[in-house]
Structures are given as C-alpha cells and as structure tokens.
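Asker: Got a structure for you, written out below as structure tokens; questions coming shortly.
The values are calculated or read from the model by the stated rules, or taken from the named source; none is laboratory data. Bear in mind that the values here come from a model prediction, so they are computed numbers and not experimental data. Cβ placement follows ideal geometry from the backbone for every residue including glycine, while neighbour counts extend to all protein chains displayed. Keep in mind that these areas ignore ligands, DNA and RNA; they rest on the heavy atoms of the full protein, side chains included. Shrake-Rupley method; radii C 1.70, N 1.55, O 1.52, S 1.80 Å.
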Amino acid sequence: MPVEFISASFVNDSTELNPTSSVGIDPKFLVRYARALDDAGFDYTLLPYGSSGWDPFGVAAAVSQHTERVRPLIALRPNTMYPTVAAKALATLDQLSGGRAAVHIISGGDTAEQAREGDRLGKSERYDRSSEYVDILRRTWSSSEPFDHSGTYYSFEDFHSAIRPAAGTIPVSIGGSSEDAYRVGGAKGDIFGLWGEPLKETKEQIDAVFEQAKLAGRTDRPRIWVTFRPIIAPTEELAWEKAHRTLDRLQQSGGWSATKIDAAAPQNVGSQRLLDIAKRGDVHDRALWTPTATATNARGASTALVGTPETVAAAILDYVDLGADLISIRGYDNLNDAIDYGRYVLPLVRQELAARERAA
C-alpha cells in the first residue's frame with residue numbers, strides 16, 4: 001500500500017500564530033478547508049477531541065459531504081461514548097461518506113483532562129479499557145446476530161446493530177509512546193500513531209510496537225503513522241528565517257504564550273519524550289527541529305521539519321524508509337500550509353516513491 005498523508009480539520013480561521021476570539025464553527029471556512037485538503041491530495045483528516053471542544057462526529061459528517069477523497073479520522077475517547085453507540089455512529093459516518101470513515105482511539109494522557117468528563121481510571125486501566133472497547137467495535141461491525149458481552153469495563157446483552165460499515169469494518173488507530181500504548185496498539189491497532197522524534201528513537205518505537213504485535217500472535221503488523229509540523233520556504237535560508245519567526249510567535253502570541261501554557265511537566269510519555277529530545281539539541285537528523293515542542297510544553301504533535309520542499313520531502317522519506325506508512329503533516333497557518341503541502345511536498349514524496357517502484 002502506498003504512503004498516505006494525514007492532516008487535521010479546523011472549524012474556523014484561528015491558528016496558533018494568530019489566535020482569534022472565535023471559538024465557534026464557521027461553516028464556510030470549514031467547507032473551504034475540507035475542500036482544500038481534498039484538492040491537496042490528503043488521504044485522511046483527523047477530527048481532534050477535547051473536553052471543551054466541538055463534536056468530531058458532527059464536523060466529520062459535514063466534511064464528508066463536501067469532499068470526495070479525504071477520509072474523516074475520528075478521535076474518540078472511550079470514556080465519552082459507550083462502545084455500541086460509537087460503533088453505530090462510526091458505521092453511520094462510513095455509510096454517509098461512501099466508506100471513508102476511520103477512528104483513532106485516545107486512551108487519555110492527562111488525568112485532569114479525563115476527569116473533566118468523569119473519567120477517573122488510572123493510565124494502565126485506560127489502555128485496558130481501550131483494548132476492550134476496540135473488541136466491541138469490531139464485533140458490532142462484524143456480527144450478523146445479537147451478542148452478549150461481559151467484560152471488565154462493559155457489559156450488555158442481546159445487542160445487534162442494523163447499520164454496518166460499507167466494507168464490513170473501519171480502520172482503528174491507536175497511538176502513544178508508553179509501554180501500555182505499545183502493548184494495546186501492537187495487539188489491536190490497524191494503525192499505530194507516533195509523534196515526530198529523531199530517526200533512531202522512532203525506529204526503537206516502531207520495533208516495540210511490532211514486538212507487541214508478534215507477542216499478541218498477530219501475523220500482520222499495525223501500519224505506522226508519524227506526525228510533523230513542517231515549515232517550508234523556497235530556500236533553506238528563508239525556511240529557517242520562517243521557522244524562527246514561527247517560534248517567536250508561539251512564544252509571544254496571546255493564545256499560546258509561555259505564561260498561558262501549563263508549565264507543569266506533562267503526564268503523557270509522548271510529550272515527556274519530545275521535551276527530553278529538545279533538551280539534547282535543536283536540530284536532529286536531516287531537518288527535525290524541536291524548539292517548537294519546548295515553546296508549547298509539547299502539547300500535542302509539536303516537532304517541525306524545516307527546509308525547502310525538497311528537504312522536507314527527503315526527511316519524510318527517511319521516515320518512510322524506517323517503516324512509516326502514514327505521514328501526518330499540519331502547519332501553523334492551517335489553510336495556507338495545507339495548500340502549500342499539497343502543491344510542493346506531497347507530489348515530491350509520491351514522485352520519488354513511484355520512481356523507486358518503477359526501478360524495482
């Protein structure tokens with residue numbers, strides 16, 4: 001299967017560099033942005049989840065009706081929706097989108113954020129719950145007869161869903177950088193998501209996920225997804241000037257200033273790893289730049305790839321050569337960066353991979 005590209009969806013024109021007072025959905029912007037992703041050649045768009053944010057299912061349904069290619073990837077926290085309800089909602093989205101739905105299971109990396117919606121399980125238990133959750137999703141999609149379930153976290157009787165995915169199932173993504181994440185994602189994920197770390201550390205994580213897949217008795221492996229925040233310009237000099245301007249804005253802008261970012265050490269292992277890597281140096285490998293992680297306390301995917309489109313495409317291919325099957329890229333100027341990636345980065349990666357295939 002060829003390498004695929006993931007972006008993220010945004011519902012208004014507020015960005016990290018230019019935060020606005022708008023917190024609502026701008027339908028015209030949403031449609032414009034979704035169509036831009038389609039035109040740029042992205043394969044997936046992540047619909048993120050936050051306790052105070054918009055509903056990803058509703059936005060995904062809207063995206064699906066204004067696009068033809070891009071697949072809505074729903075970020076789903078198991079504590080927020082019963083698994084049988086989620087299975088039907090995802091199958092409904094899949095039918096509406098012509099078989100394009102996918103789901104990314106978020107076990108939860110911040111205890112306070114989980115508690116905002118009543119979830120007080122410990123981290124390891126949250127991953128165990130995710131494992132049971134995925135089993136129920138898949139059985140709901142595949143079962144032609146009513147079934148019972150009696151597990152650690154969920155119990156029900158005589159359930160059957162009349163709505164099924166268009167192709168019989170829906171891809172399930174799981175991510176993280178902890179041993180629990182490797183264990184559950186390696187055993188149960190169709191896709192496993194990682195944040196952008198140096199090549200050496202990324203290879204170690206991929207190996208850990210594949211080892212857990214093997215220990216679980218799988219004959220296949222999860223497809224690997226790696227995430228970056230590329231900063232591109234026509235020359236290397238201009239790209240680095242742009243990178244430093246971006247860093248200054250991240251540190252100074254009202255919505256993302258250092259005084260407003262939680263200075264406490266993040267609880268999730270992925271953020272801890274990014275901050276540790278940033279302490280070891282600003283630039284890693286061909287183009288991986290880490291000060292953006294430090295500036296935001298590694299809140300989410302936060303490491304950049306900096307350079308010309310050719311440099312960034314080559315850096316992406318380095319990760320493809322490690323075993324990455326999906327590359328998630330989103331910028332800091334959400335709409336314009338997505339358009340630029342589609343014009344200047346995605347074609348270079350795809351052209352090189354096609355050339356390699358012809359040569360082989």
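Asker: Among the charged types (D, E, K, R), at pLDDT 95 or above and within 25 Å of I174 (Cα to Cα), is that true of D321?
Answerer: Answer is yes for this residue.
Asker: Please verify whether R69 is out of contact with any Ser or Thr (no Cβ under 7 Å at 6 or more places or on another chain), open to solvent by less than 30 Å² (accessible area, probe 1.4 Å) and of a type in the set (K, R), treating the condition exactly as stated.
Answerer: no
Asker: If you check L353 against the conditions, is it under 23 Å from K203 (Cβ atoms) and either touching a Cys at 6+ places or on another chain (Cβ under 7 Å) or open to solvent by less than 10 Å² (accessible area, probe 1.4 Å) (or both)?
Answerer: So L353 fails the test.
Asker: Does S64 satisfy the condition of being open to solvent by less than 60 Å² (accessible area, probe 1.4 Å), free of Cβ contacts under 8 Å to residues at least 60 places away in the same chain, in contact with a strand residue (DSSP E or B) (Cβ under 8 Å, 6 or more places away or on another chain) and over 22 Å from Q114 (Cα atoms)?
Answerer: The answer is yes for S64.
Asker: Looking at region 267-289, which of its residues are at positive phi and open to solvent by 80 Å² or more (accessible area, probe 1.4 Å)?
Answerer: D285
Asker: Only one of E211, E204 is in a helix (DSSP H, G or I), in contact (Cβ under 8 Å) with a residue 24 or more places away in the chain and of a type in the set (D, E, K, R); which?
Answerer: Just a single option satisfies the conditions, and that option is E211.
Asker: Considering only residues of region 40-57 that are part of a loop (DSSP other than H, G, I, E, B) and among the hydrophobic types (A, V, I, L, M, F, W, C), which is nearest to the chain's Cα centre (by Cα)?
Answerer: F42
Asker: Another question, if that's okay. Among the residues of region 223-266, what is the count of those that are at pLDDT below 95 and open to solvent by less than 60 Å² (accessible area, probe 1.4 Å)?
Answerer: Qualifying residue count for the region: 9.
Asker: Which residues, counting only those in region 132-147, are in a helix (DSSP H, G or I), open to solvent by 10 Å² or more (accessible area, probe 1.4 Å) and in contact (Cβ under 8 Å) with a residue 12 or more places away in the chain?
Answerer: Those that are in a helix (DSSP H, G or I), open to solvent by 10 Å² or more (accessible area, probe 1.4 Å) and in contact (Cβ under 8 Å) with a residue 12 or more places away in the chain: E132, D135, R138, S142.
Asker: Residues of region 167-186 being buried (at least 19 other Cβ atoms within 10 Å of the Cβ) and among the aliphatic types (A, V, I, L, M), which ones?
Answerer: Passing the criteria: I170, V172, I174, A181, V184.
Asker: For region 76-127, how many residues are acidic (D, E) and touching a residue at least 60 places away in the same chain (Cβ under 8 Å)?
Answerer: Qualifying residue count, region 76-127: 4.
Residues are listed down the side, and each one gets a yes or a no for (1) open to solvent by 40 Å² or more (accessible area, probe 1.4 Å); (2) assigned to a helix (DSSP H, G or I):
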residue	(1), (2)
S7	no, no
L30	no, yes
D38	no, yes
V59	no, yes
A75	no, no
T92	yes, yes
Q95	yes, yes
G99	no, no
G109	no, no
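Asker: A further question follows. Between R286, R221, R183, which is touching a helix residue (DSSP H, G or I) at 6+ places or on another chain (Cβ under 6 Å), within 20 Å of H104 (Cβ to Cβ), assigned to a loop (DSSP other than H, G, I, E, B) and not aliphatic (A, V, I, L, M)?
Answerer: R221
Asker: When residues of region 187-216 are filtered for being closer than 21 Å to I74 by Cβ and open to solvent by 40 Å² or more (accessible area, probe 1.4 Å), how many remain?
Answerer: 3
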